[in-house]
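Student: Take this structure, written in structure tokens, and hold onto it; I'll ask about it next.
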Amino acid sequence: MNYQGELTKINLAVDLAGLKLRYPIMNASGVLGISAPLLKKMYNAGAGAVITKSLGPESRLGHPNPTVVEVEGGLLNSMGLPNPGVDYFLSEIKHLKNEGIPIVASFFASTIDDFIKSSIKLEEAGAQALELNLSCPNVGGESGMCASDPVSTEKITKAIKNTTKLPLFVKLSPNVTDIVPIAIAAESGGADAITATNTLKGMSIDIDFKKPILSNIMGGLSGSALKPVSLRFVWEMYENIKIPIIGCGGIFTWRDAIEYFLAGARAIEIGTAIMLNDYKIFHEINEGIARYLSDNDLKDIKEIIGLAHKS
């Protein structure tokens, strides 16, 4: 996909520790990442790479309905990581690889051994990078919340990096008091990039039925309301770690994307915006970024990464 006129001279390509993106946008894990055809549609629409739904060592049903509710400023979801399992999805990854589509495999587990086994299988299937999901907010006391613990984060990250040659992105949780020590721990464990962030824990109550709407009571808040929180975390990480940062949370327009780049993100992920605006959102954001750079007499997106820290 090329942009017209002067915009074709703008370089939107970025490198995430060896994963080369033609455009700096990916889909967030969990959003339309359940099959090769859907992931291919997003790539053709302008994603720089595509990310699978978070895959576990075994298939998982997740929580019973209702699992999604629209709230002020976004969506609450308590899906509970439903997925077909790593083994089932390996053929989808192989298909995408044969199509020449760069794919990031998102995965989770409850033991270090399962983390390692899953990472090996995903690498052998053809994933070009891994995103370690340590931060799902609606899976109870399982490993999804270990991203609040620097020691566990470093330990798991290090174990996986010792078994894979792929770039490893660690997705962190906003449900913490201070995210910097956790990001530093992931970096110390060998993470090649940090994804900031997953959803923010919240809830909604039906005043007529006088009970929580979600079956799991709590869910993860995504959408516009999350952006100021995740943007702050990107800013803080940029000043404290050296590895790339992937911004994620409340990105609906090219202006949102530019804020993340100025704060220090090297790439971004979009989720709720795809659900509400369809695949066209990739093209719209890419085009807006290119126009912004052109209007500011810039030729390369790398020129604005972290620029707000220098103003």
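Student: What about residue 61, is it out of contact with any Ser or Thr (no Cβ under 8 Å at 6 or more places or on another chain), closer than 19 Å to residue 276 by Cα and surrounded by fewer than 19 Cβ atoms within 10 Å (Cβ to Cβ)?
Tutor: Details: out of contact with any Ser or Thr (no Cβ under 8 Å at 6 or more places or on another chain): yes; closer than 19 Å to residue 276 by Cα: no; surrounded by fewer than 19 Cβ atoms within 10 Å (Cβ to Cβ): yes.
Considered against the rule, which asks whether it is out of contact with any Ser or Thr (no Cβ under 8 Å at 6 or more places or on another chain), closer than 19 Å to residue 276 by Cα and surrounded by fewer than 19 Cβ atoms within 10 Å (Cβ to Cβ), residue 61 comes out as no.
Student: Could you check the range 72-91 and list, in sequence order, the residues that are buried (at least 21 other Cβ atoms within 10 Å of the Cβ) and farther than 19 Å from residue 135 by Cβ?
Tutor: Of everything in the range 72-91, just one residue is buried (at least 21 other Cβ atoms within 10 Å of the Cβ) and farther than 19 Å from residue 135 by Cβ, namely 89.
Student: Within the group 11, 27, 77, 83, which residue is of a type outside the set (A, V, I, L, M, F, W, C), touching a residue at least 24 places away in the same chain (Cβ under 8 Å) and in contact with a Leu (Cβ under 6 Å, 6 or more places away or on another chain)? Please lay out each step first, then the result.
Tutor: Values: 11 fails: in contact with a Leu (Cβ under 6 Å, 6 or more places away or on another chain); 27 fails: in contact with a Leu (Cβ under 6 Å, 6 or more places away or on another chain); 77 fails: in contact with a Leu (Cβ under 6 Å, 6 or more places away or on another chain).
After ruling out the rest, the residue left standing is 83.
Student: Right, here's the next one. Can you name the residue in the range 254-305 that is hydroxyl-bearing (Ser, Thr, Tyr) and more than 22 Å from residue 8 (Cβ to Cβ) and is also surrounded by the most Cβ atoms within 10 Å (Cβ to Cβ) among such residues?
Tutor: Residues of the range 254-305 that are hydroxyl-bearing (Ser, Thr, Tyr), as a first pass: 260, 272, 279, 292, 294.
Pick out the ones that are also more than 22 Å from residue 8 (Cβ to Cβ) and you get 260, 272.
Values: 260: 28, 272: 23.
Residue satisfying both the conditions and the ranking: 260.
Student: Same structure again: If a residue counts only when it is in contact with a strand residue (DSSP E or B) (Cβ under 6 Å, 6 or more places away or on another chain) and under 18 Å from residue 179 (Cα atoms), which strands (runs of 3 or more DSSP E) contained entirely in the range 209-311 have at least 2 such residues?
Tutor: On the way: elements: 218-222, 245-248, 267-270.
Counting at least 2 such residues, we get 218-222, 245-248.
Student: Pairs please, first residue from the range 192-205 and over 26 Å from residue 158 (Cβ atoms), second anywhere and in a loop (DSSP other than H, G, I, E, B) and of a type in the set (Val, Ile, Thr), Cβ atoms under 7 Å, 6+ apart in sequence or on different chains.
Tutor: Taking only residues 6 or more apart or on different chains, the pairs are 203/217; 204/213; 205/213.
Student: So for the range 181-196 (the condition being modelled with pLDDT of 95 or more, among the hydroxyl-bearing types (Ser, Thr, Tyr), in a strand (DSSP E or B) and in contact with a Ser or Thr (Cβ under 9 Å, 6 or more places away or on another chain)), does at least one residue qualify?
Tutor: If we filter the range 181-196 for residues that are modelled with pLDDT of 95 or more, which is where we start, we get 181-196.
Among the residues that remain, those that are also among the hydroxyl-bearing types (Ser, Thr, Tyr) are: 188, 195.
Filter once more, keeping what is in a strand (DSSP E or B): 195.
Checking the rest, the ones that are also in contact with a Ser or Thr (Cβ under 9 Å, 6 or more places away or on another chain) come to 195.
Yes - at least one qualifying residue is present in the range 181-196.
Student: Please specify each residue of the range 189-208 satisfying the condition of being touching a strand residue (DSSP E or B) at 6+ places or on another chain (Cβ under 7 Å), closer than 20 Å to residue 219 by Cα and of a type in the set (A, V, I, L, M).
Tutor: 196, 200, 203, 205
Student: Take residue 106 and decide whether it is within 22 Å of residue 25 (Cβ to Cβ), out of contact with any helix residue (DSSP H, G or I) (no Cβ under 7 Å at 6 or more places or on another chain) and modelled with pLDDT of 95 or more. I'd like the intermediate steps shown before the answer.
Tutor: Working: within 22 Å of residue 25 (Cβ to Cβ): yes; out of contact with any helix residue (DSSP H, G or I) (no Cβ under 7 Å at 6 or more places or on another chain): yes; modelled with pLDDT of 95 or more: yes.
Here the answer is yes, as residue 106 does meet what is asked.
Student: How many of the residues in the range 8-55 are modelled with pLDDT of 95 or more, among the hydroxyl-bearing types (Ser, Thr, Tyr) and in contact with a strand residue (DSSP E or B) (Cβ under 8 Å, 6 or more places away or on another chain)?
Tutor: 2
One line per residue, one yes/no per condition, for (1) touching a Leu at 6+ places or on another chain (Cβ under 8 Å); (2) within 23 Å of residue 131 (Cβ to Cβ):
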position	(1), (2)
251	no, yes
254	no, no
269	no, yes
275	yes, yes
290	yes, no
301	yes, yes
304	yes, no
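Student: Of the conditions (1) outside any loop (DSSP other than H, G, I, E, B); (2) at pLDDT below 95; (3) crowded, with 20+ Cβ neighbours inside 10 Å, residue 132 fails just one. Which one is it?
Tutor: It is condition (2) that residue 132 fails.
Student: Filtering the range 244-253 down to residues that are over 12 Å from the mean Cα position of the chain (by Cα) and without any contact (Cβ under 8 Å) to a residue 60 or more places away in the chain, which residue is surrounded by the most Cβ atoms within 10 Å (Cβ to Cβ)?
Tutor: 252
Student: Are any residues in the range 221-245 in contact with a His (Cβ under 9 Å, 6 or more places away or on another chain) and among the hydroxyl-bearing types (Ser, Thr, Tyr), and if so, which ones? Even if it seems obvious, please write down each step before you answer.
Tutor: Of the residues in the range 221-245, the ones in contact with a His (Cβ under 9 Å, 6 or more places away or on another chain) are 235, 238-239.
Once the filter is applied, which keeps residues that are in contact with a His (Cβ under 9 Å, 6 or more places away or on another chain) and among the hydroxyl-bearing types (Ser, Thr, Tyr), the range 221-245 yields only 238.
The values are calculated or read from the model by the stated rules, or taken from the named source; none is laboratory data. Keep in mind that what you see is a predicted model, and the values were worked out from it rather than measured. Backbone-built Cβ (ideal geometry, glycine too); neighbour counts: all protein chains shown.
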